[in-house]
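The values are calculated or read from the model by the stated rules, or taken from the named source; none is laboratory data. What you are looking at is a predicted structure, and each value in this text was computed from that prediction instead of being measured. Cβ coordinates were reconstructed from backbone atoms using ideal geometry, including for glycine residues, and neighbour counts include every protein chain displayed.
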Amino acid sequence: MAKKEIWTGSDEYLCDRELAQAFHIARTLGMPLLIEGEPGTGKTELPLQYAKEQGLELFVYPTGSKSTVEQFVAKFDHVKYLRDSQIEILNAQRAEKGVQSALSTGGRNTESLADYVNKGPAALAYSTPNSVLLIDEIDKAPREFPNDLLYALSHRQFIMPESGEVITCSEEEMPAIVITSNREQELPTAFKGRCIYHYIHFPDADTMREIVAKHHPQIDNSIVDAALDIFYHLRRIGLERSPTTRELLNWLKYVRTFSSQEAIQKIEQLDGIGTLVKTQSDLEKIQKALFKDGEDFAKRSTSN
Amino acid sequence: MFASLPEHFRSYGVASDVRTLLLFQKAIQKGLIRTLGDIYTVLKSILVKDVSDLGPYTAAYYKYFLNIAIDHGESLHDAILRSETFRQWKTDNLDRFGDDKDLDALVDRFLEEVHTTTYDIKEVLDGKALWNKDNPELEDETLDIDAGDAERKALEQLADYSDLSLDELMERMQKVWEQQRGKHSGGSHWIGTGGISPYGHGGAAKDGIRVGGTGGGKMARRILSDRKFFPVDTDAILNDNNVDAALAALKGVQQETSEETLDIPQTIDKGIKRGGLFIPEMEFGTSKKLQVLLLIDNGGYSMDPYVKIVRTLFRKMQTRFAHDLETFYFHNTIYDKVYSDSQRRKSISIDSLLSKNPDYRVFIIGDASMASYELSRTSIASYKALTTHFKHCSWLNPEPMKYWHYTFTIQVIKELVPMYPLSPKGIEEAVRQMNRII
């Protein structure tokens, strides 16, 4: 039970109260935490920073459109198995002919099937007590993927292919599982039912200030004020794609390279706005909203 | 215990069943629940499975645990002000407030106390001693006399109930909950003299020693006043609010699968090159390329309001999936040609449409309402040709379904092309039917 107490973030990561609570509940109940929320709100960062700060072993499985449960759990290496079994035959033939040297199978024995099981992040995490397992962007996976995980999640065990070895872990030593999703497709109800769900709300200005402070501790307050002012204004005018935390941080990274007076000026001129706004129609909208006097803004923003 | 909980939450549209109760019990056992705010947080993480569940969940919670009913469109603030629970709490706690009689401030304070969780309180003390002192049967008056200075001091800390058995905890909680809902007590048992324990007066924290954070009360208020946290009406005809729900429904057209198959020609090829050592070559099954054909009726005033939203919908879809999406236009009904531009100048014949791959998913969007002579033999033949060629074909109609049988042409076209209302639910249904055909 050592790792079950509440974790509220580290020097580099601000874990908001509600997220911290949900994460704690998930770990205490031994259930995975499913995080949804706008892109760039630090969903993926949570397990990474948690593992880093607590010094726990971390296993990451980035999901993609071709993800399968075999990659995630374990895969039987048929090719190696075939090769080794042929080597055995070869070795037998060599021995018959009186050749002394034998070909090596690299310590693997075709008798023990477990030698040929390549464990994926899930199997590794379950066999390492108190580790952290991140399943990133599960909404990108094919529909069967979350469904295939149901048994493993509710019974805390995986059955290895071919060898039949069962990897199981107790509720106390259950890895902290964090699953992130961008809602590009709806996850199956049965899957959601086995998770603790948390929706990350977009941080308000005060929280954002703290987040900025964690990432750019040396930055001048007046720069942050000016940047946040514009940032939240952009979010309010209803762009097709609202700028996110990640993008704000990138923007600040850029203006930080200038002296503070210069930086504020740059912010007010929306210099480097390309880090925040990613579509042409949004740029036009901003021009309309902020520069009614017909300043040649689009030109300037593209020249950067 | 709390057998009515799943049903109550279900009646608010929050999926809940006996597993909820089991998890809830487990949470109590693990010591996660010490305050009323904890119940909110824990049940939220168990029950809420979508951001649009948050609103109904919060409303259901207030009704179930605090007996505060929030009417449709009413703010949490008003609902609290109106409630008997709040009135009672105010009377009971009069001495704590001093001269501060500002109602708004009191509501804030009430919310704070309801939502104070274990996480907000630092000190933990022995719950068993408190437990034995507290009797849920006590009347409020008795307790107020009882509460000496020493005990009040104790109440400022958090009780640790881990020594008590689950049964005891559940039983006490049940009892207090029933009293909370009873007519007589009007609701000052959970949230008694500042104590906000689900186990009765002696409960958890008094004001609680805050360790930062903005307090869950603020969030609850925000949740109930923001439409984002309520489910969209999926039966409503497509509009700006439910376009995302429609998009989610449309995504179903693409049935992604990922499987490995044995690539036989490759295996033989490579095997021969290796001099007879055959190693299976696997191939990743690529997901089927999705191609969509969109036929939009953009003639006539009746269709004007929908053309833009429909195009937004499909454009959004296109940006997320790189696949073929072709849009054509027609006026009222399809004769022997459709148009590739919205001004209907560049025409393309039905025959060339029919030369396309039959795997195309075809969506025809139109109100299918016209004078009956317009729906000529040519037009009917076109629809027949389209549905025979394209196996996946459906008609989405912005006209509300209940009016369909008043229009003759809708009746006719409905027989030719499977028709669904142009609402997120209708689209979902259309997509499901389309996927059924292989």
Requested in this report: Taking B:Val412 as meeting all but one of (1) touching a residue at least 12 places away in the same chain (Cβ under 8 Å); (2) closer than 15 Å to B:Leu354 by Cβ; (3) not hydroxyl-bearing (Ser, Thr, Tyr), write down the number of the exception.
Outcome: (2)
Report task. Kindly list the number of the only condition in (1) in contact (Cβ under 8 Å) with a residue 24 or more places away in the chain; (2) not assigned by TED's automatic domain parsing to the domain that holds A:Trp251 that fails for A:Gly193. Result -> (1)
Query raised in the report: away from every other protein chain (no Cβ under 14 Å) and of a type in the set (Gly, Ala, Ser) - does that describe any residue in the stretch B:93-102?
Result: yes
Query - Filter result for A:Lys43 (within 8 Å of chain B (Cβ to nearest Cβ) and touching a residue at least 60 places away in the same chain (Cβ under 8 Å)) - result: no
Requested in this report: May I ask you to verify whether A:Ala102 is assigned to a helix (DSSP H, G or I) and either at pLDDT 85 or above or outside the structural domain of A:Glu38 (by TED's automatic domain parsing) (or both)?
Outcome: no
**Report entry** Residue satisfying all of: in the stretch A:118-133; among the polar types (S, T, N, Q) and under 10 Å from A:Met174 (Cβ atoms); surrounded by the fewest Cβ atoms within 10 Å (Cβ to Cβ) among these
**Finding:** A:Asn130
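With the requirement that a residue be buried (at least 18 other Cβ atoms within 10 Å of the Cβ) and either part of a helix (DSSP H, G or I) or not β-branched (Val, Ile, Thr) (or both), what does the stretch A:67-80 give you?
A:Ser67, A:Val69, A:Gln71, A:Phe72, A:Ala74, A:Lys75
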Query raised in the report: Can A:Thr244 be described as assigned by TED's automatic domain parsing to the domain that holds A:Tyr13 and within 24 Å of the chain's Cα centre (by Cα)?
Result: no
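Yes or no, residue by residue, for (1) more than 30 Å from B:Tyr40 (Cα to Cα); (2) outside the structural domain of A:Glu38 (by TED's automatic domain parsing); (3) polar (S, T, N, Q); (4) surrounded by 15 or more Cβ atoms within 10 Å (Cβ to Cβ):
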| residue | (1), (2), (3), (4) |
| --- | --- |
| A:Arg143 | yes, no, no, yes |
| A:Cys169 | no, no, no, yes |
| A:Ala176 | no, no, no, yes |
| A:His216 | yes, yes, no, yes |
Query raised in the report: Can B:Leu81 be described as closer than 20 Å to A:Ala22 by Cα, more than 10 Å from chain A (Cβ to nearest Cβ), part of a helix (DSSP H, G or I) and among the aliphatic types (A, V, I, L, M)?
Result: no
Query raised in the report: Which condition number in (1) surrounded by 14 or more Cβ atoms within 10 Å (Cβ to Cβ); (2) closer than 22 Å to A:Leu48 by Cβ is the one that A:Pro161 fails?
Result: (2)
Query raised in the report: For the stretch B:256-274, what are the residues that are at pLDDT 80 or above and within 12 Å of chain A (Cβ to nearest Cβ)?
Result: B:Leu262, B:Thr267, B:Lys270, B:Gly271, B:Arg274
Report summary line: Residues in the stretch B:40-68 that are at pLDDT below 85 and either buried (at least 24 other Cβ atoms within 10 Å of the Cβ) or more than 20 Å from the chain's Cα centre (by Cα) (or both) total 4
**Report entry** Residue in the stretch A:7-19 that is within 15 Å of the chain's Cα centre (by Cα) and surrounded by fewer than 16 Cβ atoms within 10 Å (Cβ to Cβ) present
**Finding:** no
Query - Yes/no for A:Asp115 being within 14 Å of chain B (Cβ to nearest Cβ) and surrounded by 15 or more Cβ atoms within 10 Å (Cβ to Cβ) - result: no
Query raised in the report: Do we find a residue being of a type in the set (Gly, Ala, Ser), out of contact with any Lys or Arg (no Cβ under 7 Å at 6 or more places or on another chain) and part of a helix (DSSP H, G or I) anywhere in the stretch A:28-46?
Result: no
Query raised in the report: Given B:Lys63, B:Lys49, which one is more than 8 Å from chain A (Cβ to nearest Cβ), of a type in the set (Lys, Arg) and over 13 Å from A:Ala26 (Cα atoms)?
Result: B:Lys63
Requested in this report: State all residues of the stretch B:327-356 that are acidic (Asp, Glu) and farther than 21 Å from B:Val417 by Cβ; if no residue qualifies, say none.
Outcome: B:Asp341
Report summary line: Within the stretch A:90-99, residues being surrounded by 10 or more Cβ atoms within 10 Å (Cβ to Cβ) and in a helix (DSSP H, G or I) number 6
Query raised in the report: Residue check, A:Asp282 against (1) more than 14 Å from chain B (Cβ to nearest Cβ); (2) touching a Leu at 6+ places or on another chain (Cβ under 9 Å); (3) more than 30 Å from B:Tyr57 (Cα to Cα), all met but one. Which one?
Result: (1)
Query raised in the report: How many residues are facing another protein chain (nearest Cβ under 10 Å) and either at pLDDT 85 or above or at positive phi (or both) if we restrict to the stretch B:25-39?
Result: 3
Requested in this report: Evaluate the following for A:Thr105: is it of a type outside the set (Asp, Glu) and more than 12 Å from chain B (Cβ to nearest Cβ)?
Outcome: yes
Query raised in the report: Quick one: is B:Lys402 of a type outside the set (A, V, I, L, M, F, W, C) and surrounded by fewer than 13 Cβ atoms within 10 Å (Cβ to Cβ)?
Result: yes
